[in-house]
Amino acid sequence: MKNIIKLFALLSMFIGITAISNTEAHAATKYRVVSTKNVTTKSYIRSSAKGNMYNLNGKLPYVTFKTAHYLKNFPRTTFKVTKSRIVLKNGVRTQYFYATSSNGLYSGWVWHGYLKVKPGTGTYNKIYTNARKQLGKRYVYGAVGPNRFDCSGLSKYVYKKAINKTLPRTAQSQYNSYKKASTSSRKQGDLVFFGSSKKNISHVGIYVGSGKMIDAQNRGVITEKVASPWWHCVGYSRPANLN
């Protein structure tokens, strides 16, 4: 009789443990995905060490969050963001980015507030749009904006405003500081330089395609041809790889 009682006790314990295990296995909260879309690929870095990268598991539209990686382990890593997803959490629409490390080894969904655009990266369109906003403003030697510019002051101002890239102050130092590009490999957003030689740069403009640039000169901030009789083009430099 005692053996039977012990057997029932063991069975009861086993059933209880199994029930608890099953409850915990299904206790992960499910959240509803409202939308998912592809986004223009940009480079990001973390803005906080607090966040996590998640795998979102389950059959859409309902998913569960499972921690894949900790952002604290990626202090200097560049991430490529390719997707944006809106998830309904506790009645609040929350945006997540799908981010992949530059070496391709780590990826996951990250709350958008834990990432920020990497300084010095962005799209040419931002450079062009910001440069066009300065058209018609006065030329003043030594001016760096926002209402007056000299040539290198304009390029410095536009890059900082458009993609948070800080350029050196002078045309010569802007030429010296970055990767060079040839006329055949030049891209929109590159800087184009003029002078008597590579060691004597006297002018800089922002190349905008079709053989034209936006620059600040005696007539103010204008759009003009790179190939002009009053300029000797020395070459191009690329302060940032623009999308």
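List of remarks:
- Exactly one residue out of Tyr159, Tyr124 is in contact (Cβ under 8 Å) with a residue 40 or more places away in the chain, under 21 Å from Tyr236 (Cα atoms) and touching a helix residue (DSSP H, G or I) at 6+ places or on another chain (Cβ under 8 Å): that is Tyr159.
- Just one residue in the set Leu154, Leu167 is at pLDDT 95 or above, in a helix (DSSP H, G or I) and buried (at least 21 other Cβ atoms within 10 Å of the Cβ); that residue is Leu154.
- Residue match in region 62-70 (condition: modelled with pLDDT under 50, out of contact with any Lys or Arg (no Cβ under 9 Å at 6 or more places or on another chain) and aliphatic (A, V, I, L, M)): no
- Members of region 42-61 that are more than 15 Å from Gly108 (Cα to Cα), in contact with a strand residue (DSSP E or B) (Cβ under 6 Å, 6 or more places away or on another chain) and surrounded by fewer than 17 Cβ atoms within 10 Å (Cβ to Cβ): Ser47, Leu60, Pro61
- Condition check for Thr82: more than 16 Å from Gln95 (Cα to Cα), among the hydroxyl-bearing types (Ser, Thr, Tyr) and either at pLDDT 90 or above or outside the structural domain of Gly104 (by TED's automatic domain parsing) (or both): no
- Residues located in region 209-224, provided they are at pLDDT below 95 and either of a type in the set (Phe, Trp, Tyr) or in a strand (DSSP E or B) (or both): Gly209
- Candidates Lys126, Lys50, filtered to the one that is within 25 Å of Asn241 (Cα to Cα) and modelled with pLDDT under 95: Lys126
- If the condition is being of a type in the set (D, E, K, R) and surrounded by 14 or more Cβ atoms within 10 Å (Cβ to Cβ), then region 181-227 contributes Arg186, Asp190, Lys212, Asp215, Glu224.
- Qualifying residue in region 69-91 (condition: hydroxyl-bearing (Ser, Thr, Tyr) and surrounded by fewer than 12 Cβ atoms within 10 Å (Cβ to Cβ)): no
- Sole residue being in a loop (DSSP other than H, G, I, E, B) and out of contact with any Pro (no Cβ under 7 Å at 6 or more places or on another chain), chosen from Lys180, Lys187: Lys187
- The set of residues from region 194-225 being aliphatic (A, V, I, L, M) and within 30 Å of the chain's Cα centre (by Cα) comprises Val204, Ile206, Val208, Met213, Ile214, Ala216, Val221, Ile222.
- Residue match in region 103-119 (condition: surrounded by fewer than 18 Cβ atoms within 10 Å (Cβ to Cβ), closer than 30 Å to Val226 by Cα and not β-branched (Val, Ile, Thr)): yes
- Asn147, sole failed condition from (1) touching a Lys or Arg at 6+ places or on another chain (Cβ under 8 Å); (2) without any contact (Cβ under 8 Å) to a residue 24 or more places away in the chain; (3) surrounded by 15 or more Cβ atoms within 10 Å (Cβ to Cβ): (3)
- If only residues of region 60-115 that are of a type in the set (D, E, K, R) and in contact with a Phe, Trp or Tyr (Cβ under 8 Å, 6 or more places away or on another chain) are counted, the one that is nearest to Ser47 (Cα to Cα) is Lys80.
The values are calculated or read from the model by the stated rules, or taken from the named source; none is laboratory data. Quick caveat, the model's predicted, so the values are computed rather than measured. Glycine gets a Cβ as well: all are built from the backbone with ideal geometry, and neighbour counts include every protein chain shown.
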